[in-house]
Amino acid sequence: MTNHEYIQVDQEESIGIIRLNRPKVLNALNRKMVTEIVQTMREMDRNDAVRVIVLYGNGKSFAAGADITEMAQDDSIHLELLNQFAEWDDLSHIKKPIIGAVHGFALGGGFELALVCDLLFASEEAKFGFPEINLAVMPGAGGTQRLTKLMGKTKALEWLWSGEMMTAETAEAWGIINRRYPQEILVEETLKYARNLANKPALSVRFIKEAVYKAVDYSLYEGMQYERKNFSLLFSSDDQKEGMKAFVEKRKPNFKGR
């Protein structure tokens, strides 16, 4: 694995693991750290030995926000030329499942990074929020968009305008996270789910992810056309033949990911 300054990267069987690693500042996201995350996810997405990506933070938090000291003196022209959110856009193009495990704080940019994940598991004590309004700014890496798609307009505005933190219980109730666990077993349970998902046929996993995300943005008719295309394409895969043959023969399938 490549050496990184702000993240730790591992692979356990077919699970690619990214750990945010600035624990002294609660994993605040600076630009170099985001670059390392994005580049590593791209590499894992191209690596046939990786089936699922798991993301979590070292230390006491997932990520307590963006590195404010890095941005405090920015101006509009510098930000425009920097085009820093282009890398965040690349995270939307990752084909493989991304599962996040959140403990401590996921605030601001940290919450935006969590919302990039396809599934989110959290500790009972986790806190989520967008405090940007208290700094006279706003989310810029997709926070207003992803939160609105999950919660709806009125609730998203309530949280974005208040700048307050929501509990893991509230986040679960609004469909932001999938499951809550005691912190001591959070990573263990996340990896357990990831291993189970990694044993599913990889093309089916990928095409289901694509179709679900199309459902968020497309009309019902357009989404159903996309779903049917992916359904038909899977009948060209070796795994489809193996899966149905194994069902008929009443045995466990041996999926190869192709």
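With over 25 Å from the mean Cα position of the chain (by Cα), among the β-branched types (Val, Ile, Thr) and either modelled with pLDDT of 95 or more or open to solvent by 40 Å² or more (accessible area, probe 1.4 Å) (or both) as the only criterion, which of Val248, Val187 stands out?
Values: Val187 fails: over 25 Å from the mean Cα position of the chain (by Cα).
From the options Val248, Val187, the qualifying one is Val248.
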Q. Taking the range 145-177 on its own, how many of its residues are open to solvent by 50 Å² or more (accessible area, probe 1.4 Å), aliphatic (A, V, I, L, M) and within 19 Å of the chain's Cα centre (by Cα)?
A. 2
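Hand me the list of helices (runs of 4 or more DSSP H) wholly inside the range 190-258 holding 3 or more residues that are within 28 Å of Leu147 (Cα to Cα).
Details: elements: 202-217, 220-233, 238-248.
Once the helices (runs of 4 or more DSSP H) in the range 190-258 are filtered for at least 3 residues that are within 28 Å of Leu147 (Cα to Cα), what remains is 202-217, 220-233.
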Q: Check the range 80-92 and report whether any residue there is more than 16 Å from the chain's Cα centre (by Cα) and assigned to a loop (DSSP other than H, G, I, E, B).
A: yes
Q.
Quick test of your reading of the structure: Phe207 fulfils all but one of (1) open to solvent by 50 Å² or more (accessible area, probe 1.4 Å); (2) touching a residue at least 12 places away in the same chain (Cβ under 8 Å). Name the failing condition by number.
A. (1)
Q) How many residues, within the range 117-144, are open to solvent by 70 Å² or more (accessible area, probe 1.4 Å) and either among the polar types (S, T, N, Q) or touching an Asp or Glu at 6+ places or on another chain (Cβ under 7 Å) (or both)? A) 2
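Every residue in the range 47-60 that is under 16 Å from the mean Cα position of the chain (by Cα) and open to solvent by less than 50 Å² (accessible area, probe 1.4 Å), please.
Here is the first cut: in the range 47-60, the residues under 16 Å from the mean Cα position of the chain (by Cα) are 50-57.
Within the range 47-60, Val50, Val52, Ile53, Val54, Leu55, Tyr56, Gly57 meet the criteria.
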Q: Report, ordered by the first and then the second residue, all pairs with beta carbons closer than 8 Å, sequence separation of six or more or different chains, a first member in the range 233-258 that is more than 22 Å from Lys96 (Cβ to Cβ), and a second member that is at pLDDT 90 or above and open to solvent by 90 Å² or more (accessible area, probe 1.4 Å).
A: Ala246/Lys252
Q.
I'd like the full set of residues that are within 27 Å of Ser162 (Cα to Cα) and open to solvent by 30 Å² or more (accessible area, probe 1.4 Å), limited to the range 93-111.
A. Phe105
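The values are calculated or read from the model by the stated rules, or taken from the named source; none is laboratory data. Source: prediction; values computed, not measured. FYI the Cβ positions are ideal-geometry reconstructions off the backbone, even for glycines, and counts take in every protein chain you see. Note: accessible area is taken over every heavy atom of the protein model, side chains too, but ligands, DNA and RNA are not part of it. Shrake-Rupley method; radii C 1.70, N 1.55, O 1.52, S 1.80 Å.
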